[in-house]
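Working notes, structure below.
The values are calculated or read from the model by the stated rules, or taken from the named source; none is laboratory data. The shown structure was predicted, so the numbers you read here are calculated from the model rather than taken from an experiment. Cβ placement follows ideal geometry from the backbone for every residue including glycine, while neighbour counts extend to all protein chains displayed.
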Amino acid sequence: MLPLEIVDYKTKWLKDCNNISTFDSDLEFDAKRWCRENLKQHQWDFCKFTAVYEHSIYFETNEFKTEFEKEFRK
């Protein structure tokens, strides 16, 4: 996918996204690394400080969110 196509695609599924996982802001590097290693760029979106000391990742599907939480929160 071209960068513009990725932005357009992400924008479409982010509008109605309910697949959100939150985690401690200290774990930002590890969470992003997991996403980069296991998902494609257009399948997740990172959002900083969605609450105090907390970040969120939005996933395209619930399966991606479940896999992230199962692996990342061991």
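Within the stretch 55-70, track down each residue that is closer than 13 Å to LEU39 by Cβ and part of a strand (DSSP E or B).
ILE57, TYR58, PHE59
Considering the stretch 45-74 alone, what residues qualify as being of a type in the set (A, V, I, L, M, F, W, C), farther than 12 Å from SER25 by Cα and modelled with pLDDT under 95?
Here is the first cut: in the stretch 45-74, the ones of a type in the set (A, V, I, L, M, F, W, C) are 46-47, 49, 51-52, 57, 59, 64, 68, 72.
Imposing the further condition that a residue be farther than 12 Å from SER25 by Cα reduces the set to 59, 64, 68, 72.
Residue satisfying the conditions is PHE72 alone.
List every residue pair whose Cβ atoms lie under 9 Å apart, where the two residues are 6 or more positions apart in sequence or sit on different chains, the first residue falls within the stretch 27-47 and is among the hydroxyl-bearing types (Ser, Thr, Tyr), and the second residue, located anywhere, is at pLDDT 95 or above and loosely packed, with under 14 Cβ neighbours inside 10 Å.
Going by the 9 Å Cβ cut-off, there are no qualifying pairs.
Identify the residue in the stretch 1-45 that is assigned to a helix (DSSP H, G or I) and among the basic types (Lys, Arg) and, among all such residues, is surrounded by the most Cβ atoms within 10 Å (Cβ to Cβ).
Ranking the candidates gives LYS10 first.
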